[in-house]
Structure formats: structure tokens, C-alpha cells
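Enquirer: Structure incoming, see below.
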Amino acid sequence: MRKKLELMYRRLYAAFGPQHWWPGETPFEVAVGAILTQNTNWSNVEKAIANLKNAGVLDPSALHGMSHEALAALIRPAGYFNTKAKRLKNFIAFLINEYRGRMSGMKKEDLPALRKKLLSVNGIGPETADSIILYAVEKPVFVIDAYTKRVLSRHTILEHEGSYDTYQTFFHSTLKSDVGLFNEYHALFVRLAKTHCRTKPFCSGCPLEGM
């Protein structure tokens, strides 16, 4: 199975090239984006982050001191803005309480301990926690999302109904633990799902055709 996954990766990379994920100028911006992207597309997240930047508040202390209403108004383009404002506030309170508001403090944390702490933050589930860990903190954890499950299930590697942990354990046990590989592979799955492996698949020209 390792050889098949490695071949899939090589084909996807040859077809699409590096994806440069996750877009963000700082680890904190990446973490904010990971929370805002829940249940919306990235273009809406970009608008919300632009609002935060233009208001000069894209840092933990500024957002921590901002009212819920003011934050919700700024991130409105990301949708579910009241819920996401609450989740952002929860994450920022966690960041300040645990790491004095510094993402660098998270980097020093042991990966299992960090993941457990992030999952204890109200509103942060496995996909968001792992996105923060991989893309913002740069620790090797494979992010599982609907796109990844769709691609692997259609290639009869795993059942689509398999749990998040089942999928993640599969990648962790099959591939070498490498931040760059996990980063690029997940991003390539997203790219494939948006171009070929859609809800209604468009298989012609797919890099994985015939596998």
C-alpha cells in the first residue's frame, strides 16, 4: 500500500505541482484561517482576513480585547460569523493562557499533548486542530477532510464511512512522518477533488486514471 500511496503522490505532484499551502503571512494568520474556513470556501475566508488586516487587529492581543460583536462584523464574509467569532475567541484565550499569545510556544509543545489541548478548545475539531498543527505549527500530522475521503474511497483504499481516526492512522502508518509530505499531499488531494474527483466525478484526464 505504501507504494500505491507514493505513486499517487508522484502523479498528483507531476500534474499539479506544489500547492503552496497554507496561504498566510504568519503562523497566527494560518491558524485564524483554519478556523474561519469551516463550512465555507477560501475566497470568503480571504475577505474576512483582509478585513482583520485592514482594521489592524490580526494579532492575538487585539482580537482578545475586541468585543464579540466587533469581531463578528469583521469576519462576516466567512459566514456563520457569530459562531466563528466565538470559536476564534476560544482559540485566542487558549493561546494566551497556555502560550502567552505566542504561536512559537505551541511549536515547543509535544505533538500529542498539543493536539489534545487543541481538541479541548470549544469549537475546534480534529480537522481544524490538525490544520493548525500541520500548517501553522509545522508538526507532522495528516489532515483528513471530505476531499481526502472521497478520493481514497473511490480508489477502494478505504471505506468512505471510515472514521477520521481510521483515515489518519492509515496515512501515519503507511507514509513516513514528514511535514512537507503531509502538507503537499493533503493540498494535492484538495486540488484533485476540485478539478476531477468532484461530487459528480470528471475522470477524463485525471492524474490517477487507471489506478
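The values are calculated or read from the model by the stated rules, or taken from the named source; none is laboratory data. If you're wondering where the values come from, they're calculated on a predicted model, not measured in any experiment. So basically every Cβ, Gly included, is an ideal-geometry build from the backbone, and we count neighbours across all protein chains shown.
Enquirer: If we keep just the residues of segment 1-28 that are closer than 23 Å to G101 by Cα and touching a residue at least 24 places away in the same chain (Cβ under 8 Å), which is nearest to the chain's Cα centre (by Cα)?
Expert: W22
For (1) touching an Asp or Glu at 6+ places or on another chain (Cβ under 9 Å); (2) assigned by TED's automatic domain parsing to the domain that holds L158; (3) of a type in the set (S, T, N, Q), each residue gets a yes or a no:
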{"site": "Y9", "(1), (2), (3)": "yes, yes, no"}
{"site": "Y13", "(1), (2), (3)": "yes, yes, no"}
{"site": "A31", "(1), (2), (3)": "no, no, no"}
{"site": "T40", "(1), (2), (3)": "no, no, yes"}
{"site": "S43", "(1), (2), (3)": "no, no, yes"}
{"site": "E46", "(1), (2), (3)": "no, no, no"}
{"site": "L52", "(1), (2), (3)": "yes, no, no"}
{"site": "G56", "(1), (2), (3)": "no, no, no"}
{"site": "H64", "(1), (2), (3)": "no, no, no"}
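Enquirer: How many of the residues making up segment 83-109 are assigned to a loop (DSSP other than H, G, I, E, B) and in contact with a Lys or Arg (Cβ under 9 Å, 6 or more places away or on another chain)?
Expert: Summing the residues that are assigned to a loop (DSSP other than H, G, I, E, B) and in contact with a Lys or Arg (Cβ under 9 Å, 6 or more places away or on another chain) in segment 83-109 gives 1.
Enquirer: Take T148 and decide whether it is modelled with pLDDT of 95 or more and in the same structural domain as R10 (by TED's automatic domain parsing).
Expert: Working: modelled with pLDDT of 95 or more: yes; in the same structural domain as R10 (by TED's automatic domain parsing): yes.
When the stated conditions are applied, T148 passes them.
Enquirer: Which of (1) assigned by TED's automatic domain parsing to the domain that holds H172; (2) not in a helix (DSSP H, G or I) is the odd one out, the single condition G123 does not satisfy?
Expert: Among (1) assigned by TED's automatic domain parsing to the domain that holds H172; (2) not in a helix (DSSP H, G or I), the lone unmet condition for G123 is (1).
Enquirer: Which number in (1) closer than 18 Å to S131 by Cβ; (2) touching a Leu at 6+ places or on another chain (Cβ under 9 Å); (3) hydrophobic (A, V, I, L, M, F, W, C) marks the one condition that A85 misses?
Expert: With (1) closer than 18 Å to S131 by Cβ; (2) touching a Leu at 6+ places or on another chain (Cβ under 9 Å); (3) hydrophobic (A, V, I, L, M, F, W, C) applied to A85, the lone miss is (1).
Enquirer: Kindly provide the set of residues from segment 1-17 that are within 22 Å of T174 (Cα to Cα) and not charged (D, E, K, R), ordered by number. Break it down into steps so the answer makes sense when it comes.
Expert: Keep residues of segment 1-17 that are within 22 Å of T174 (Cα to Cα), which gives 1-14.
Residues satisfying the conditions are M1, L5, L7, M8, Y9, L12, Y13, A14.
Enquirer: If a residue has to be surrounded by fewer than 18 Cβ atoms within 10 Å (Cβ to Cβ) and among the polar types (S, T, N, Q) to count, how many in segment 1-50 make the cut?
Expert: Summing the residues that are surrounded by fewer than 18 Cβ atoms within 10 Å (Cβ to Cβ) and among the polar types (S, T, N, Q) in segment 1-50 gives 6.
Enquirer: Here is a further query. Test N97 against the stated conditions and say whether it is loosely packed, with under 15 Cβ neighbours inside 10 Å, farther than 26 Å from L188 by Cβ and polar (S, T, N, Q).
Expert: Details: loosely packed, with under 15 Cβ neighbours inside 10 Å: yes; farther than 26 Å from L188 by Cβ: yes; polar (S, T, N, Q): yes.
Considered against the rule, which asks whether it is loosely packed, with under 15 Cβ neighbours inside 10 Å, farther than 26 Å from L188 by Cβ and polar (S, T, N, Q), N97 comes out as yes.
Enquirer: Wholly within segment 29-80, which helices (runs of 4 or more DSSP H) include no fewer than the required count, namely at least 1 residues that are of a type in the set (S, T, Y) and without any contact (Cβ under 8 Å) to a residue 12 or more places away in the chain?
Expert: Correct list: 42-54.
Enquirer: Sticking with this one: Under the condition of being of a type outside the set (A, V, I, L, M) and under 13 Å from the mean Cα position of the chain (by Cα), which residue from segment 137-182 is surrounded by the fewest Cβ atoms within 10 Å (Cβ to Cβ)? Let's see the steps before the verdict.
Expert: As a first pass, look at segment 137-182 and keep what is of a type outside the set (A, V, I, L, M): 138-140, 142, 145, 147-150, 153-156, 159-174, 176-178, 180, 182.
Pick out the ones that are also under 13 Å from the mean Cα position of the chain (by Cα) and you get 138-140, 142, 145, 147-148, 182.
Values: E138: 13, K139: 20, P140: 17, F142: 21, D145: 17, Y147: 19, T148: 23, F182: 23.
It comes out as E138.
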